[in-house]
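Read the structure below first, then the notes.
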Amino acid sequence: MSFLKKSPWVLHYAATSCNGCDIELLACLTPLYDVERFGIVNTGNPKHADIFLVTGSVNEESRKVVENLYAQMPDPKVVVAIGACALSGGIFKDAYNVYGGIDKVIPVDVYVPGCAARPESIIDGVVQALDILEQRAKDRKRQRKMVAV
Amino acid sequence: MKPYAWSLGFAFILLGPVVGALLAGIDRRLTARMQARKGPPILQPVYDVLKLFEKDTLVVTPLQTLYLWGFLFFMVVSGFILFLGSDLLLSLFALTVSGIFLCLAAYATNSPFSNIGSSRELMLMMAYEPMLILVPLGFFLVTDSFRVSDIVSGSPWQVIQLAGILIGFLFMLTIKLRKSPFDLSSSHHGHQELVKGITTDLSGSDLAIVEIGHWYENSILLGWLYLFFAPWGPWIALPITVVLFFAEVLVDNTNARLTWSSTLKASWLVTVVFGVTNLALLPFIS
């Protein structure tokens, strides 16, 4: 049993979101949903984060930030893309400056659809990400042992 | 030295972090309840630290880990001296050295956020240190000894005689526990302007060391607070201490963060008005 499942700290970044999904995401932290009861804390710091929550589509400006934040997160880590724009670019897909979904720049593990994604589905997405995170933690532990030998 | 004192000292090394972690867990639950939330399990701080050991540690500079071990070591030394019933001044100095090590660790990493965090932490030390020095001084004037064992078996009136110093100490406790309105350097919540302050560049097992250090610090500060009421015996003193300790959670949830300059002014004002005045009046009330 990995303790990552008991205390996943999330990092939230709005790539080029309209803030609809961001509001729903932050609603998860409010008394109504209170995800802190599962130990989920919203850190503003990539070096403390386990789960990277990205909303909105990617353009050239946000690409650098998304890649940088992803690179700064210590392993094991997972990425959750939230909302139609983060999945595929959404209604901005054909815009000249938009690359598309988050998976164009970093590997995405869980896709949470919706415009905007509802808090319940965001929590569901994070719960699914936890299983992937636990698997990663096991793999990482094995890798460390092999390095030690 | 009596075997009882030694056992208390070693009990601190083993049980200090356990008590500190429980205090931190209850703190988080209470905070959540004050905000009409359910809140995490009481053992959440323990889960957090065990998780941090599963994570990779990003090493910005090898020095950071050395400094953090220094932070933890002197924290344990400070608590060991305190619970051994030994010199209170020495315990305070070890606590200060430990704080300096944490600042050094934050300065060693090059993140501007942790640099600003440790600058602010040094400023906070300037704010609370004069008042903390007055605490052993007050105890000395009342009991004629800096030894914790003498203070514990002192006069039951000492808390009345040292009322001003107690108020001052409670004020500084808010700073030491990194609570609002004095959580300038780092806090339990992400800052808008400072990310995570001192701990911004620390990750994995390094961050876990900081957390464990803070658990020890919780126990030490609880011990200091207990000293004021200690002559009344543990059955009366301990509940009062715990209630006062958790009153800090209420302060945390009802105050906005101050700037460093107003923090410095406020804490020195409290030091002079309550601490120094109390010391000056002590000859007349003892």
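Any read-out appearing in this document is the output of simple, stated calculations on the displayed coordinates, not a laboratory observation. Please read these numbers as outputs of a predicted model, since none were measured by experiment. Neighbour counts are summed over all protein chains in view; Cβ atoms, including those assigned to glycine, are modelled from backbone coordinates with ideal geometry.
Using only the Cα atoms, what convex hull volume per residue in Å³ does the stretch A:3-148 have?
Working: hull volume 14.0 nm³, N = 146.
Each residue corresponds to 96 Å³ of Cα convex hull volume.
What residues of the stretch B:132-154 lie in the reach of a label at B:ILE160, counting those whose backbone N is under 20 Å from a point 7 Å from the Cα along Cα→Cβ?
Those under the cut-off are B:138-144, B:151-154.
Starting from the alpha-carbon convex hull of the stretch B:3-285, give the projected area averaged over all orientations, in nm².
Values: hull surface 57.5 nm².
The number I arrive at for the stretch B:3-285 is 14.4 nm².
May I ask you to list the aspartates and glutamates whose Cα is less than 18 Å away from that of A:LYS47, ignoring any residue fewer than eight positions away on the same chain?
Partners found: A:GLU67, A:ASP75, B:ASP48, B:GLU54, B:ASP56, B:GLU193, B:ASP201, B:ASP206, B:GLU211.
What FRET efficiency comes out for the pair B:ASP87/B:GLU193, r = Cβ-Cβ distance, R0 = 56 Å, nearest 0.05? Show your work: numbers first, answer last.
Details: r = 40 Å, r/R0 = 0.71.
For R0 = 56 Å, the calculated efficiency reads 0.90.
Among bridges DSSP assigns within chain A, what percent are antiparallel (round to 5)? Show your work: numbers first, answer last.
On the way: 2 of 17 bridges.
Taking every DSSP beta bridge within chain A, about 10 percent pair in antiparallel fashion.
If contacts are Cα pairs under 8 angstrom and at least 6 residues apart, what is the relative contact order of the stretch A:3-148 in percent? Before the final figure, lay out each step's value.
Working: 288 pairs, mean separation 38.4, N = 146.
About 26 percent, as a whole number.
For chain B, return all DSSP H helices satisfying: extent of Cα atoms along own axis at least 20 Å; mean Kyte-Doolittle hydropathy at least -0.5.
On the way: long enough: B:3-34 (43 Å, 0.98); B:63-83 (30 Å, 1.90); B:88-108 (30 Å, 2.22); B:112-143 (46 Å, 1.03); B:205-229 (37 Å, 0.80); B:234-254 (30 Å, 1.45).
Flagged H segments are B:3-34, B:63-83, B:88-108, B:112-143, B:205-229, B:234-254.
Estimate the FRET efficiency between B:SER262 and B:ILE285 by the formula 1/(1 + (r/R0)^6), using the beta-carbon distance for r and 30 Å for R0, to the nearest 0.05. Kindly include the intermediate steps, with their values, before the conclusion.
On the way: r = 32 Å, r/R0 = 1.06.
Calculated value: 0.40.
Distances longer than 41 Å among the Cα atoms of the protein assembly as shown: what percent of all pairs is that?
Working: 21433 of 94395 pairs.
Looking at the protein assembly as shown, the distances longer than 41 Å represent 23 percent of pairs.
Given only helices, namely DSSP H runs of n ≥ 4 each adding -39500 (n - 2.57), what is the per-residue ellipticity at 222 nm of the protein assembly as shown, to the nearest 500 deg cm²/dmol? Before the final figure, lay out each step's value.
Working: 16 runs with 262 residues, N = 435.
Here the helix-only value at 222 nm equals -20000 deg cm²/dmol.
Going down the table (A:LYS6/B:LYS176; A:LYS141/B:LYS176; A:LYS6/A:LYS141; A:LYS5/B:LYS176), which pairs top 26 Å between alpha carbons? Before the final figure, lay out the partial values.
On the way: A:LYS6/B:LYS176 28 Å; A:LYS141/B:LYS176 36 Å; A:LYS6/A:LYS141 17 Å; A:LYS5/B:LYS176 31 Å.
Check vs 26 Å cut-off fails for A:LYS6/B:LYS176; A:LYS141/B:LYS176; A:LYS5/B:LYS176.
In whole angstrom, note down how far apart the Cα centers of the stretch A:4-66 and the stretch B:251-286 are.
Cα centres, the stretch A:4-66 to the stretch B:251-286: 39 Å.
Relative contact order for chain B: what percent, with Cα pairs under 8 Å and sequence separation of 6 or more? Please list the in-between numbers first.
Working: 417 pairs, mean separation 75.9, N = 286.
Value for chain B: 27 percent.
Out of the GluC sites (Glu not before Pro) in the stretch B:184-286, which ones are loop residues according to DSSP with at most 12 other C-beta atoms within 10 Å?
Those satisfying the criteria are B:GLU193.
Quick check on the stretch B:1-115: take the gyration tensor over C-alpha atoms, sort the square-rooted eigenvalues as a ≥ b ≥ c, and tell me if it's rounded (a/c under 1.5), prolate or oblate. Mind dumping the intermediate values first?
Numbers: a/c = 1.97, a/b = 1.11, b/c = 1.78.
Oblate.
Find, among the chymotrypsin sites (Phe, Trp or Tyr not before Pro) in the stretch A:69-117, those assigned to loop by DSSP (not H, G, I, E, B) with at most 10 other beta-carbon atoms within 10 angstrom. Walk me through the numbers on the way to the answer.
Values: sites: A:TYR70, A:PHE92, A:TYR96, A:TYR99, A:TYR111; in loops: A:TYR96.
Sites meeting the loop and neighbour criteria: A:TYR96.
Quick one: Debye curve from the alpha-carbon atoms of the stretch B:14-56 only, equal weights, vacuum; give me log10 I(q)/I(0) at q = 0.18, 0.19, 0.22 Å⁻¹ to two decimals.
Values returned for q = 0.18, 0.19, 0.22 Å⁻¹ are -0.54, -0.59, -0.72.
Taking loop as defined by DSSP and a crowding limit of 15 other beta carbons within 10 Å, which trypsin sites (Lys or Arg not before Pro) in the stretch B:28-122 fit?
Details: sites: B:ARG28, B:ARG29, B:ARG33, B:ARG37, B:LYS38, B:LYS51, B:LYS55, B:ARG120; in loops: B:ARG37, B:LYS38, B:LYS55.
Taking the stretch B:28-122 and a limit of 15 other Cβ atoms within 10 Å, the loop trypsin sites (Lys or Arg not before Pro) found are B:LYS38.
Remind me, relative contact order of the stretch B:87-165 in percent, using alpha carbon pairs under 8 angstrom and six or more residues apart? Intermediate results must be reported in sequence, preceding the final value.
Numbers: 46 pairs, mean separation 24.5, N = 79.
With pairs under 8 Å counted, the relative contact order is 31 percent.
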